[in-house]
Amino acid sequence: MNKMIEVRNVYKSFQLADSSVEVLKNVNLEVEKGEFISIMGPSGSGKSTLLYLMGGLDKVSQGSILLNGKEMQKLNDDEESRMRRRDIGFVFQAYNLIDNLTLDENIMLPALLDGKKKKEVINKAEELMEIVGILGRRKHTPKELSGGEQQRTAIARALINDPAILFADEPIGNLDSKNGKEILELLKKINIEKGITVLMVTHSEESTRYGKKVIRLKDGEVVSASEIRI
Amino acid sequence: MSVIVKSLLKSLTEKKARTLLVLFSIAVSAALIFANESFSSTVRQKVYDADVRWGGNSDLYITTKGVVGAEEWVDTDRLLTGYGEAFEYAFQFIKEKALYMPSLEKMHYFTMIGADIEEFNRYNPITLGEGSYQDWDGFNIIVGKAYANEYHFKVNDVIKLELNNAGYDFKIVGISEPKGLFLRELADGGYILAPKETLSQIFGGNSNLVFLKLKDFSQREPMYETLTQDFAEYQVKYGVNDAVIDAETQNYVMPFRISTVTVLFMCVFIIYTAFTLVTLERIPIVGTLRSIGCTRRKINFILILESACLGIVGGLIGCVLGLGVLQYIKYSYITVDEALLNTRAVFGVREVAVAVGAATIITTITAILPILRLTKTPIKNIILNDLNRKQSRRDLWWVAGIILLAACIFIPQFLPNNFIGMVVGGTLATGALLGLIPLVPFLTHQISRGIGKIPFLGQEIILGVRNTCDNKSLMNNIQLFSVAIAIVAFMTSLFNTMGADLFKAFERDMKFDIRLVLRHSDADSLAKLSQVEGVESFAGSFQSHAAILNHETFLNMLCGIDDEDFFKFNPVQELDGAKEALANLDNGKNVVTTNVLKGKLGLELGDTLLIQFGSKQIPYTITGFVETNLGIGHVGYISSNNYREDMGVSDYDFIFVKAQDGAENAKNNILRALNKEVMEIYTKEELTRANADKVVAIFNAISSYGYFALLVGVIGIINNLAVSFIERQRNFAMIRCIGMSKKSLNRMLITESIVMGVLGVGFGTLCALVMSTVIPVTVSLLWGRVTVQLAFREMVVMGAIGILAMLAISFVPILRSDKLSLIETIKYE
């Protein structure tokens, strides 16, 4: 299988006042194309940090991360931004939509930033809105939507440029169980039907059952990586 | 409560930039109020000093009438015998003319006062800058600094002066500072002090000028009446009317007061927006306090008290800043007259109290609305962070804005040229400025919608344009910028109009080539003048400054004219309407005055003006009105016969000459022919030049107020940009996460700044044009009829600078976004 992401001997530390805090220690892992991996661990274990490093939102202190064969540290801002537009999609716990844009504008935004014209992407956006189930709310702004609807919108936005990988940081953290379940079903559906690799940080054991693999972290180290048998 | 106060104080010190902005806005307001109050007091003192420079500390003075056939000397024996007991002093001086003529071209008549130096010092103290008056006898004299500089006099110099048709050598023993009698030497024509005995011998008399100080000041009026009756062959005069001093003071300070109001508007706006932001930050603490049982009333009290304290602190800082403003006004406004330059600024507890009090009131009132809005918010909404006012799609405040601007466009043409018209005009202009504020968001939305439809624009440009509409701080910046530009552009147009009119006035109102003062304008001198080569024609006029006692104002120029020919040299408008009145000035005590006074005082034909002629008060009937801005419209025309009779004079004050082959030529010929008879001679060009310097100086001072407004506005904008960045940094991080590069983000921020700059300049300029419709009606009362001179050139320059400035200011958020940590902002904010 193709290796989407390779994490090699990665260390990550943060400066806090006079001391340095090591958040990740000698992390090594590989993500294959089409996998749905959940990253779990207690608070402070470094799971979100690992996700953001893999997604290019932060830089490693030591080691390297390769995404589709490209070494992340060597990319300049333009290359990184292009990668974020085209190769990956992000879904956050707090949705992070733009308040003064409508749903369809929020969804199309990465494509428009990539230089595409509105008429080129509108059909794709409608298709995605259909898939995630928010087509009827397309002209509303985020403030007028429920949490579940906002998160669906965030997912649709993450998929507009047909990325190879979807990163999700606690996507159901702010949702009730019913909405949460629906979101996880959606992610699973996207993974199976579209073959998009999904990496999801979660607190919930139940959530891991939607994926195929679980990587557990503790104190910045990978303690286990196991397949999910349903 | 002390815990709450402590928490609030802590938050103030933590948000230093915000607190400093609020304090600075308050301080600027207080500085301008302080400077205005102090300037007003300083001017009043200056006007008072100027008006009593002749009278000193005396209560009354008696002088000879100076007309043919009048007594040459005052009968001091009779005066002292009859009334000596009532006087604290009765100083007997001699006043004559002394000619200084170093060359034909440099001929100057000084007023020479012969006095006992101790007595003189007691009535009007001398301040010598150089020399001494220890040996006050013989031909020793004291001159003033202004003319000492003019003619390069030094102590111990001997100068030749002609008195009573004979020349004498006088030695300068002292040079006086421009104080007391020498305060306005240049305007008064120059004084020389000499020993009384010396002048007495030269002129053969004891005294023709007696200064009296009464033992009982309350007897001043009765004594004045008595002496006027008993010494009818002389002129009895006393000091200045307080109401006239007030009126003269108003003329100086009114332009500054108008400017202050406009700048205060800006400051109030900034204080309001700053407090809106301050209260936004207070939301969490207010929510917590309310949820644990603190009443609304208590919270309101604490927050209002906090704003009052900020007002007091800002007010005190403003008083210190105000000293700088005051100095600037003094040095810009007061021109070459060193006497005025030396005027000490008058300020004290009153000015400080007014400034601090006004600043506190402005701050407290301005802060009330945001505070009440905050405390009225339901606790649930605060805790759930559901604070955004649901923007009704039918927000119709912009309609009010259109109505206010339309009113300012259409109503002024129907306003009368009087006090009510001026007030309504000012209100309409302020209304237009207020109307601009809600109109800006509406217009910005429409324009951005249009821009969004342009096909070739990049997404970051479209986002930048959209953000200016949707982000409150950015919209606030456009409003702030528009208001600042509108104020500055309007004030520049106002001053251009007034300045242009002043410059034009000389062209329009002076149709003569030379203005001349003769020692004696008798038939002999006038006959000689008519023979001078280059003199085409001339007309004499009497002219003085006179109080209108029944209206507590004054005439800058009371002109006694022979006939209508006077107006060939000093034209006025609407002469035809007053032709008959002017022809019949001599049929009784008739006066023709101006439309400016008509509007100001509500005068009608047939009304009476009680005019002060020296010691007499004579009622004159208004028989006509003319249009002129000369003397800011405070002009009255009476017949020369009435003037001679009532003022007790015989010689023309001015003779206006039209030249045939050039003014300079005619001037030199007149000097050659009339020689020592010429006391003063100026060409029109010389008079215009002297006036132009003064005009420029006045407007330099006043226009600086407009730039204060701009400075305050810029600081407010910078603060808003910083705040909007803080509010939106999460959005910036998120949009970077989905693939916007740094360059694109910077382009978006630059777009926002350019949009703010262009729209701010555009809206502000349009508003200024609308506000300019009130200029004629607001200015006419003080200035006479004017033609509006819009400051187009200045608006273009200001617009370009404004847009560049906004662009430069955009580097504030750009630099901050460069340092933005995406993870920390998204995850940990």
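The values are calculated or read from the model by the stated rules, or taken from the named source; none is laboratory data. Values in this document were obtained by computation on a predicted structure and should not be read as measured data. Cβ atoms come from the backbone with ideal geometry, glycine included; neighbour counts cover every protein chain shown. Please note that ligands, DNA and RNA were not included when accessible areas were found on the heavy atoms of the full protein model with its side chains. Shrake-Rupley method; radii C 1.70, N 1.55, O 1.52, S 1.80 Å.
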Query raised in the report: Over all directions, what mean area does the Cα convex hull of the range B:37-167 project, stated in square nanometres?
Result: 11.8 nm²
Query raised in the report: What chymotrypsin sites (Phe, Trp or Tyr not before Pro) in the range B:714-766 are in a loop by DSSP, with at most 13 other Cβ atoms within 10 Å of the Cβ?
Result: none
Requested in this report: Give me the net charge of residue B:568's neighbourhood, meaning all other residues with Cβ under 9 Å from the Cβ of residue B:568; Lys, Arg count +1, Asp, Glu -1.
Outcome: 0
Query raised in the report: Any idea how far apart residue A:120 and residue B:139 come out in nm if each label point goes 7 Å out from Cα toward Cβ?
Result: 10.3 nm
Report summary line: The base-10 log of I(q)/I(0) that the Debye equation returns for the range B:461-554 at q = 0.15, 0.20, 0.25, 0.26 Å⁻¹, one scatterer per C-alpha, is -0.90, -1.06, -1.20, -1.22
Requested in this report: Amide H neighbours of residue B:653 under 5 Å, at least 5 residues apart or on other chains, H built in the peptide plane: list them.
Outcome: B:541, B:542, B:543
Query raised in the report: When every alpha-carbon pair in the range A:153-230 is counted, what percent end up more than 16 Å apart?
Result: 52 percent
Report summary line: Taking placed amide H atoms and a strict 5 Å upper bound, the residues 5 or more places from residue B:594 or on another chain that come that close are B:626, B:635
Query raised in the report: Which of the residues in the range B:734-757 show a loss of at least 50 Å² in accessible area from their chain by itself to the complete set of protein chains, at a probe of 1.4 Å?
Result: B:734, B:737, B:738, B:739
Query raised in the report: Mind checking which aspartates and glutamates have their C-alpha under 15 Å from residue A:119, skipping anything on the same chain fewer than 8 residues away?
Result: A:104, A:105, A:127
Requested in this report: Pop a pseudo-label 7 angstrom from the Cα along the beta-carbon direction at both residue A:228 and residue B:815 and give the gap in nm to one decimal.
Outcome: 4.9 nm
Query - Amide H within-cut-off set for residue B:140, under 5 Å, with H built and near neighbours excluded - result: B:171
Query raised in the report: Can you tell me the accessible area per residue over the range B:434-473, all protein chains present, probe 1.4 angstrom, in square angstrom?
Result: 48 Å²
**Report entry** Calculated over the range B:136-237: convex hull of Cα atoms, volume per residue (Å³)
**Finding:** 147 Å³
Report task. Output ³J(HN,Hα) for the range B:735-750: one whole-Hz value per residue in order, computed from phi by the Karplus curve 6.51 cos²θ - 1.76 cosθ + 1.60 with θ = phi - 60°, and x for Gly and Pro. Result -> 5, 5, 4, 8, x, 7, 7, 4, 4, 5, 5, 5, 4, 4, 5, 5
Report task. Between the chain alone and the structure with every protein chain in place, find the residues of the range A:65-80 that drop at least 40 Å² of accessible area; heavy atoms, 1.4 Å probe. Result -> A:77, A:78
Report summary line: The aspartates and glutamates whose Cα lies under 15 Å from the Cα of residue A:181, excluding any fewer than 8 residues away in the same chain, are A:149, A:170, A:205, A:206
Requested in this report: Please find the FRET efficiency linking residue A:73 to residue A:219, where r is the Cβ-Cβ separation and R0 is fixed at 30 Å, and quote it to the nearest 0.05.
Outcome: 0.80
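When a/c reaches 1.5 or more, the comparison of a/b and b/c decides; with that in mind, is the range B:487-600 rounded, prolate or oblate per its Cα gyration tensor?
In terms of gyration-tensor shape, oblate.
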Query raised in the report: Rounded if a/c is under 1.5, else prolate if a/b beats b/c, else oblate: with a ≥ b ≥ c from the C-alpha gyration tensor eigenvalues square-rooted, which is the protein assembly as shown?
Result: prolate
Query raised in the report: Which percent of the accessible area of the protein assembly as shown is formed by carbon and sulfur heavy atoms (probe 1.4 angstrom)?
Result: 55 percent
**Report entry** Cα gyration tensor shape of the range B:712-755, rounded if a/c is under 1.5, else prolate or oblate by comparing a/b with b/c
**Finding:** oblate
Query - Using θ = phi - 60° and Karplus 6.51 cos²θ - 1.76 cosθ + 1.60, couplings along the range B:75-80 (whole Hz; Gly, Pro as x) - result: 7, 5, 4, 5, 5, 6
Query raised in the report: Computed FRET efficiency, Cβ-Cβ of residue B:283 and residue A:22, R0 35 Å: what is it to the nearest 0.05?
Result: 0.40
Query raised in the report: Total accessible area buried between chains A and B, 1.4 Å probe, in Å² to the nearest 100?
Result: 2300 Å²
Query raised in the report: Per-residue HN-Hα couplings for the range B:264-276, Karplus 6.51 cos²θ - 1.76 cosθ + 1.60 at θ = phi - 60°, whole Hz, x for Gly and Pro?
Result: 4, 4, 4, 4, 4, 4, 5, 4, 4, 5, 5, 5, 4
Report summary line: Once residue B:76 and residue B:536 are pulled to full extension, the length gained, defined as 0.36 nm per residue separation minus their Cα-Cα distance, is 160.9 nm
Query - 1.4 Å probe, heavy atoms, protein only - residues of the range B:444-491 losing at least 20 Å² accessible area vs chain alone - result: B:459, B:463, B:466, B:470
Query raised in the report: Which of the pairs A:70/A:124; A:33/A:59; B:237/B:589; B:453/B:743; A:74/B:743; B:95/B:511 have their Cα atoms more than 25 Å apart in this structure?
Result: A:70/A:124; B:95/B:511
Report summary line: Summed over the other residues with a beta carbon less than 12 angstrom from that of residue B:215, with K and R at +1 and D and E at -1, the charge totals -2
**Report entry** residue B:413 versus residue B:680: modelled label distance in nm, points set 7 Å from Cα along the beta carbon direction
**Finding:** 4.4 nm
Report summary line: Taking the protein assembly as shown and counting helices only, DSSP H stretches of n ≥ 4 at -39,500 (n - 2.57) each over all residues, the nearest-500 ellipticity at 222 nm comes to -17500 deg cm²/dmol
